[in-house]
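Worksheet: one structure, shown below.
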Amino acid sequence: MTVTTKRAFNFNAGPSALPLEVLQKAQAELVDFKGTGMSVMELSHRSAEFEGVHNEAIANLRELYDIPENYEVLFLQGGASLQFSMIPMNFLKEGQKASYIQTGAWSEKAFAEAKLFGTPVEAASSKSNNYKNIPALSEIQIDEEAAYLHLTSNNTIFGTQWKTFPTTGDLPLIADMSSDILSKKIDVSNFAMIYAGAQKNLGPSGVTVVIIRKEFLEKANSNIPTMLKYATHSKNNSLYNTPPTFGIYMLGEVLKWVKAEGGLEAIEQRNEEKAKYIYDVIDNSNGFYYGHATEDSRSLMNITFRVADEELEKKFLAEAKTAGFVGLNGHRSVGGCRASTYNAVPLETCKALADFMVKFQQDNQ
Ligand SMILES: *Cc1c(COP(=O)(O)O)cnc(C)c1O
């Protein structure tokens, strides 16, 4: 390209930054996808070309996460929010209990949906601590009779993240990984199901990824609407109806990018480095800045913090905006500041924010 592309310091919480290389490839292929004379958006979802895109994305996700054979990878719609409903609709029988660990606003929403289908029970909660921490594994009540145990692996709004997941034995573990999927290695076999809206770490909004164990899927209720059954999508390779083809193409390109960057180990290492820049500034600020999350529960994806002086906080956000930083306002329910440092946010962008924070403190204390 002849013109230099202006790229923002994008800390949006979701939809969020996408890798520049992926955007440029999509741009180059936009009007003529691989010699078809059509955009990928104009292809039939039943064509060999699109099926190639679709199956390659599934294969690459399997490879990156080392997903065992007895798991299905599904591409659904309706966001992570529809999963809040589909999970109890499929897996809760009337009068049956399901366990939920409450670690923030998204967990609460999942819990509320389950009430429509059965009896959700709190297995642990950090609500009384304003969701500043992830409950200790020893606090979690494992109820073998529950249909499943649900948790949110990364709390996008409060900025906390699970470091070690509970071992639940025969109790199926389900995780909402919307905001930290593919940010580090995990052992998929520990989970009966993982789900994530794409718009934080995987691609544009419009696709929801579900990774589900076949034996668990087979236990689902059958008397529910066709489109809301996991079995419908698993039987049809997620092509029962028209899928969000462009979103799946973009997801596929993001997965190739993760592979090219060195896979999940390299991504995890970089994510740690990125977050460290910003947490170090907070920790070395003598209380000028302070974090929302307790140190042992800090998220590498969403860094929530405050400027101790409220007037200065307003000034900080205003000056950061003028300096070209996007998306730093905390969620309306928490306030303060939040820097979302997802996979596609470059190291340099995080360093630029850290430098800006240091300078702002020097100029204002
Ligand atoms: C963003 C987010 C959601 C909501 O996702 P939608 O795709 O908008 O429904 C759910 N859970 C978590 C953890 C999130 O970060």
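The values are calculated or read from the model by the stated rules, or taken from the named source; none is laboratory data. Computed from a prediction, not measured in an experiment: that's the story for all the values here. Here the Cβ positions follow ideal geometry from the backbone for every residue, glycine too, while neighbour counts run over all protein chains shown.
Answer with yes or no whether ALA112 is within 16 Å of the ligand (Cβ to nearest atom), closer than 26 Å to ASN90 by Cβ and not acidic (Asp, Glu).
The answer is yes for ALA112.
PHE360 meets each of the listed conditions (1) more than 25 Å from ILE181 (Cβ to Cβ); (2) of a type outside the set (Val, Ile, Thr); (3) out of contact with any Asp or Glu (no Cβ under 7 Å at 6 or more places or on another chain) apart from (3). Meeting the requirement of 3 or more residues that are among the charged types (D, E, K, R) and more than 16 Å from the ligand (Cβ to nearest atom), the helices (runs of 4 or more DSSP H) wholly within segment 191-268 are 245-260. The helices (runs of 4 or more DSSP H) found wholly in segment 1-112 and carrying at least 1 residues that are outside the structural domain of GLU215 (by TED's automatic domain parsing) occupy 20-29.
So which residues in segment 286-303 are of a type outside the set (Val, Ile, Thr) and surrounded by fewer than 18 Cβ atoms within 10 Å (Cβ to Cβ), if there are any at all? Result: ASN286, GLY287, TYR290, GLU295, ASP296. When ALA13 is tested against (1) touching an Asp or Glu at 6+ places or on another chain (Cβ under 9 Å); (2) within 27 Å of CYS337 (Cβ to Cβ); (3) within 16 Å of the ligand (Cβ to nearest atom), only condition (1) is not met.
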